Structures are given as structure tokens and as C-alpha cells.
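Read the structure below first, then the notes.
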Amino acid sequence: MGNIENINSIICSLSGMNNFITTPTIYVKICGDLNSAILLNQIIYWSDKTKRKDGFFYKTYKEWEDEICLSQYQVKKSIDNLESLGLVETKLHKANGSPTKHYKPNFENLKELMFSYHQKQSVYKET
């Protein structure tokens, strides 16, 4: 196989569902920035995969970086934004013997913000 075929093969192996970061545009508009929206989307994704009865789950900063390509600083900044918007709750719980940040989406606040955004868009379309 020549260089061109190798490069094409590498490009093809990178394309696929496991290699995409997708986020609804409404999340970007509600959160005010793409990083927060990406993180919110993933927190929602993981929220129903927890075994904890309180609905919280954990991920390390390294896991976030591997999954959505956000640095520890970007995750912390995005979490601060999501908490200030009331979209995510966090708690420090032990995981594997170490204090680890746990996350839980606030679906009620998300629904309210989405509804409010939709209402504003409807008003703008009418005028």
C-alpha cells in the first residue's frame, strides 16, 4: 500500500460515530459557549447510565479530555458556567477511594431554558 492509500485509510478510520462530538445548537445558544454545550450534552448522555440512586455519576478530568477533547481548565470553566445557569449539579463523592467530582443534569431548568429560548425565537419571527 502506498502513502496515499495509507493516508486515505487513516482518514477513513477517524470518521465514524465514535469519533464525533455532536451537540444540539440550542445547547450552545443556552449555554453561551460551545465548550459548555459539549460538556452539558455529555453529562446528559451519561446521566442515565449511573448506578447511583441519587442520579450522580463521575468522570475524571482525564476521561473528559479523552472523550470530548476539553482540558481540565476548560471542563472546570464550563462546569462553573453550567452550575451558574442551573443546568448541572456537582458533588464531591469518593470514587475508587479518592474524592472525585460527580455530575448530574438539572432537567427541569434545562426544559425551562429551552422553552424560554424557543418563546423568544417565536417572538422574533413574528416581528
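The values are calculated or read from the model by the stated rules, or taken from the named source; none is laboratory data. As the structure is a computational prediction, the values presented were derived from the model and not from experiment. Virtual Cβ from ideal backbone geometry, glycine too; neighbours counted across all protein chains shown. Ligands, DNA and RNA are stripped out before the accessible areas are found, and what is left, the full protein with its side chains, is counted by its heavy atoms. Shrake-Rupley method; radii C 1.70, N 1.55, O 1.52, S 1.80 Å.
Calculate what fraction, in whole %, of the accessible area of the range 33-97 sits on carbon and sulfur atoms when a 1.4 Å probe is rolled over the protein chains.
Carbon and sulfur together cover 51 percent of it.
Calculated from the structure, mean projected area of the Cα convex hull in nm² equals which of (i) 10.2; (ii) 11.6; (iii) 8.6?
Of the labelled values, this structure produces (ii).
Working with all protein chains in place, sort T100, T22, T60 by solvent-accessible area computed with a 1.4 Å probe, largest first. Each step should come with its number before you reach the end.
Values: T100 20, T22 95, T60 55 Å².
Putting T100, T22, T60 in descending order of accessible area: T22, T60, T100.
Kindly report, to the nearest 10 Å², the accessible surface of D66 as traced by a 1.4 Å probe over protein heavy atoms only.
For D66, the solvent-accessible surface is approximately 100 Å².
Run the numbers on the range 70-113 and let me know its relative contact order in percent, using alpha-carbon pairs under 8 Å that are six or more apart.
Values: 36 pairs, mean separation 13.3, N = 44.
Relative contact order comes out at 30 percent.
So what is the relative contact order for the range 1-121, in percent, with contacts set as C-alpha pairs under 8 Å and at least six apart?
23
GNM, the chain, Cα, under 10 Å: largest mean-square fluctuation among S78, S36, S98?
S98
Ordering H93, H118 by how much accessible area each has at a 1.4 Å probe, largest first, what is the list?
The most accessible residue leads, giving H118, H93.
Are there GluC sites (Glu not before Pro) in the range 17-115 that DSSP marks as loop and that have at most 11 other Cβ atoms within 10 Å, and which are they?
none
Can you list the chymotrypsin sites (Phe, Trp or Tyr not before Pro) in the range 13-94 that are in a DSSP coil and have 13 or fewer other beta carbons within 10 angstrom?
Qualifying residues, ordered by number: F20.
Return the lysines within reach of K29: Cα separation strictly under 18 angstrom, same-chain partners fewer than 8 residues apart disregarded; answer none if there are no such residues.
Within reach: K77, K111, K120, K125.
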